[in-house]
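Notes follow the structure.
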Amino acid sequence: MQIFTCPFCGPREETEFHFAAEAGKRRPEPAETTSDADWADYLYMNAAPRRPAREVWVHLTCGEFFTMTRDTVTREVSDAAPLPGRER
Ligand SMILES: [Zn+2]
């Protein structure tokens, strides 16, 4: 069992967390005129790097989204921080 650290609640078991998205991914705007191919890329395509990846996760217990930098090979977490504007 891996331990992740929620920036709001502290260390918790990984089962309390859910991957949300790659950090920094931009929604195509205006969405109404975005092509189906570009919209599908936005929804389903991820860079999925083999090393440190900056991702958005949600802690299901408190409902807060935050960024986490996680090595996708070693599973080491090097950083977890609230999303901009969500700091307490
Ligand atoms: Zn939390």
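The values are calculated or read from the model by the stated rules, or taken from the named source; none is laboratory data. For clarity, every value in this text was computed on a predicted model and none was experimentally measured. Accessible surface is based on the protein model in full, side chains and every heavy atom, while ligands, DNA and RNA are left aside. Shrake-Rupley method; radii C 1.70, N 1.55, O 1.52, S 1.80 Å.
Residues of segment 1-86: accessible area per residue at 1.4 Å, in Å²? Don't skip to the end; give the middle numbers.
On the way: 5810 Å² over 86 residues.
It amounts to 68 Å² per residue over segment 1-86.
Of all the options Glu14, Glu32, Glu64, the one that moves most in a Gaussian network model of the chain with Cα springs shorter than 10 angstrom is Glu32. Taking the Cα atoms of segment 1-50, the ratio Rg/Rh between the radius of gyration and the Kirkwood radius comes to 1.15.
Convex hull over the Cα atoms of segment 32-88, averaged projected area in nm²?
Details: hull surface 23.2 nm².
Averaged projected hull area, Cα only: 5.8 nm².
Which percent of the accessible heavy-atom area of the chain goes to carbon and sulfur, probe 1.4 angstrom? The partial results should precede the final answer.
Numbers: 3110 of 6120 Å².
Looking at the chain in its full context, I get 51 percent from C and S.
Expressed in nm to one decimal, what extension gain is obtained for the pair Asp36 and Phe8 from 0.36 nm per residue of sequence separation less their Cα-Cα distance? It would help to have the intermediate numbers written out before the result.
On the way: separation 28, 0.36 × 28 = 10.08 nm, distance 3.73 nm.
Length difference between fully extended and current span is 6.3 nm.
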